[in-house]
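Down below is the structure, laid out as structure tokens.
The values are calculated or read from the model by the stated rules, or taken from the named source; none is laboratory data. What you are looking at is a predicted structure, and each value in this text was computed from that prediction instead of being measured. Cβ placement follows ideal geometry from the backbone for every residue including glycine, while neighbour counts extend to all protein chains displayed. Just the protein is used for accessible areas: all its heavy atoms, side chains included, with ligands, DNA and RNA removed. Shrake-Rupley method; radii C 1.70, N 1.55, O 1.52, S 1.80 Å.
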Amino acid sequence: AQSVTQLDSHVSVSEGTPVLLRCNYSSSYSPSLFWYVQHPNKGLQLLLKYTSAATLVKGINGFEAEFKKSETSFHLTKPSAHMSDAAEYFCVLVGSARQLTFGSGTQLTVLP
Amino acid sequence: SQTIHQWPATLVQPVGSPLSLECTVEGTSNPNLYWYRQAAGRGLQLLFYSVGIGQISSEVPQNLSASRPQDRQFILSSKKLLLSDSGFYLCAWSVLSGGIRDTQYFGPGTRLTVL
């Protein structure tokens, strides 16, 4: 069985400060992991993905994530938050038959 | 480039009425297609996926059905809506390949409210 746990349901940061959204996973094989972002009433947009190449993955809009096998983690970071980053973020594990296992989501609030 | 369309964007339907949501993909051939539902305050639940025309796999027993009449068209339907069918419905596609690590790309979604 595989699972994804997003450790924080809500994260609040001030504009210009770093962002850290935490994700832990459980998988019986070498995983592929994605981060998606969803703005209100919008579809999901792919931020970045890890597929067993480099462990540090750079994505769009200045986000990056580091795959740490020893910690079974794939945390999403950004050095400086922008107001437009306010959204819900999903950590996703790719399973068999091309099916995705979604985390429960982290709502990011950016304060002025 | 590939694009994915969903319509309608929003829909309000009474309990017991039928439903038809459409999803189309442009710019690719023979994609995998997916229907997800996102209920308020919850994650995404995979409802159906399709690897080809007429090939539909259902993930959970429910009041909904799916069809794929054309290569790049995926339809979600119901004969009689329930209150519990309310939610945000997302269609997604991925490139059919031999691997299992295909990236899925999502449409803009349909907000369904059943009253």
Practice task
Among residues belonging to the stretch B:66-106 that are in a strand (DSSP E or B) and open to solvent by 40 Å² or more (accessible area, probe 1.4 Å), point out the one that is modelled with the lowest pLDDT.
Solution key: B:Tyr105
Exercise for the section: Considering only the stretch A:28-62, state which residues are assigned to a loop (DSSP other than H, G, I, E, B), farther than 19 Å from B:Gln104 by Cα and touching a strand residue (DSSP E or B) at 6+ places or on another chain (Cβ under 7 Å). Expected result: A:Thr55
Handout entry: Subset of the stretch B:44-94 (residues that are more than 14 Å from chain A (Cβ to nearest Cβ), over 10 Å from the mean Cα position of the chain (by Cα) and among the β-branched types (Val, Ile, Thr))
Key = B:Ile53
Problem - Flag if A:Val94 is open to solvent by less than 40 Å² (accessible area, probe 1.4 Å) and under 17 Å from B:Leu46 (Cα atoms) - result: yes
Practice task
Say whether the condition of being within 11 Å of another protein chain (Cβ to nearest Cβ), part of a strand (DSSP E or B) and either open to solvent by 40 Å² or more (accessible area, probe 1.4 Å) or over 21 Å from B:Leu115 (Cα atoms) (or both) is met by at least one residue in the stretch B:7-20.
Solution key: yes
Completion exercise
Residue count, the stretch A:1-53, condition more than 23 Å from A:Pro79 (Cα to Cα) and buried (at least 18 other Cβ atoms within 10 Å of the Cβ), comes to 5
Exercise for the section: Pairs only if they're at least six apart or on different chains, beta carbon under 6 angstrom, first in the stretch A:16-43 and among the basic types (Lys, Arg), second not in a loop (DSSP other than H, G, I, E, B); list them, first residue then second. Expected result: A:Arg22/A:His75
Practice task
Might you check whether a residue that is acidic (Asp, Glu) and either over 15 Å from the mean Cα position of the chain (by Cα) or within 9 Å of chain B (Cβ to nearest Cβ) (or both) occurs anywhere in the stretch A:85-103?
Solution key: no
Practice task
Could you tell me whether any residue of the stretch B:32-50 is at pLDDT 90 or above and open to solvent by 40 Å² or more (accessible area, probe 1.4 Å)?
Solution key: no
